[in-house]
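Novice: Take a look at this one; I'll ask things after.
The values are calculated or read from the model by the stated rules, or taken from the named source; none is laboratory data. These numbers come from a predicted model, not from an experiment. All Cβ positions, glycine included, derive from the backbone under ideal geometry; neighbour counts span all protein chains shown.
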Amino acid sequence: MVLAIFDFDGTITNRDSFRHFLQYAVKKPVFYRGLILLSPVLLGYVLGFVPNNIAKQRVFAHFFGGWTTEKFSALAERYSTSEIGAIVRPEALQRIAWHKKQEHTVVVVSASIKCWLDFWCDARGVDLISTEIEEIDEILTGRFRTLNCYGIEKVRRLKDRFDFSAIDYVYAYGDSRGDKEILDLADEKFYRYF
């Protein structure tokens, strides 16, 4: 078995899909007002005082906590089918197609939210491991159901999904410090390849 691991944001795409989704999901005044209200957390993240997972969850909770699952899922599907294509790198799609032609198992491992990546990955026939959101009684709590799929969490989730003793060769594609651990897993690593 040959495994091809792709980070999504900044690797397959030319920008962060979380921010792109936020801008799609809420009107500009709401988006910018939210950023102002969240500025202490965001500044703490930039300065290294607030961990990635906490900052991201606070942003998610601010904008989407209390939404119904149905409303959020419908929005995520619309975003996936009509907007993601604008930020996807054609070269990345070609490389995914090449791996699929070689009959490699292709998996996207991302800190982005499962809801909008699900539709995109399903349409391309690739596996997905990503951050999942929590819901209770079909209402989003604003919390994540899983750990933010970033850094070492990407490796942990990959090893939960795949038996690495049965894998003959690993390709990995990434673009940031959050991908270092998946690149370290690989026989062939591609850093900022596209």
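Novice: Which residues, taken from region 18-41, are of a type outside the set (Lys, Arg) and either under 18 Å from Arg177 (Cβ atoms) or over 22 Å from the mean Cα position of the chain (by Cα) (or both)? Step through it out loud before you land on a result.
Specialist: Of all residues in region 18-41, those of a type outside the set (Lys, Arg) come to 18, 20-26, 29-32, 34-41.
Answer for region 18-41, where residues must be of a type outside the set (Lys, Arg) and either under 18 Å from Arg177 (Cβ atoms) or over 22 Å from the mean Cα position of the chain (by Cα) (or both): Phe18, Pro29, Val30, Tyr32, Ile36, Leu37, Ser39, Pro40.
Novice: Then there is this: For region 81-104, check the following and say yes or no: at least one residue is in contact (Cβ under 8 Å) with a residue 24 or more places away in the chain, closer than 18 Å to His20 by Cα and touching a Leu at 6+ places or on another chain (Cβ under 8 Å).
Specialist: no
Novice: (1) loosely packed, with under 13 Cβ neighbours inside 10 Å; (2) in a helix (DSSP H, G or I); (3) touching a helix residue (DSSP H, G or I) at 6+ places or on another chain (Cβ under 6 Å): which one isn't true of Arg15, the others all being true?
Specialist: (2)
Novice: Quick one: count up the residues across region 155-188 that are assigned to a strand (DSSP E or B), surrounded by 13 or more Cβ atoms within 10 Å (Cβ to Cβ) and either β-branched (Val, Ile, Thr) or at pLDDT 95 or above (or both).
Specialist: Residues flagged as assigned to a strand (DSSP E or B), surrounded by 13 or more Cβ atoms within 10 Å (Cβ to Cβ) and either β-branched (Val, Ile, Thr) or at pLDDT 95 or above (or both) within region 155-188 amount to 4.
Novice: Considering only region 132-147, state which residues are assigned to a strand (DSSP E or B) and without any contact (Cβ under 8 Å) to a residue 24 or more places away in the chain.
Specialist: Glu134, Ile136
Novice: When you go through Gly10, Gly34 one by one, which is the residue that is without any contact (Cβ under 8 Å) to a residue 40 or more places away in the chain, over 18 Å from Ala76 (Cα atoms) and not charged (D, E, K, R)? Can you show your working first?
Specialist: Working: Gly10 fails: without any contact (Cβ under 8 Å) to a residue 40 or more places away in the chain.
Result of the check over Gly10, Gly34: Gly34.
Novice: Could you tell me which of the residues Leu75, Leu37, Leu22 is surrounded by fewer than 16 Cβ atoms within 10 Å (Cβ to Cβ) and among the aliphatic types (A, V, I, L, M)?
Specialist: That would be Leu37, the only listed residue that is surrounded by fewer than 16 Cβ atoms within 10 Å (Cβ to Cβ) and among the aliphatic types (A, V, I, L, M).
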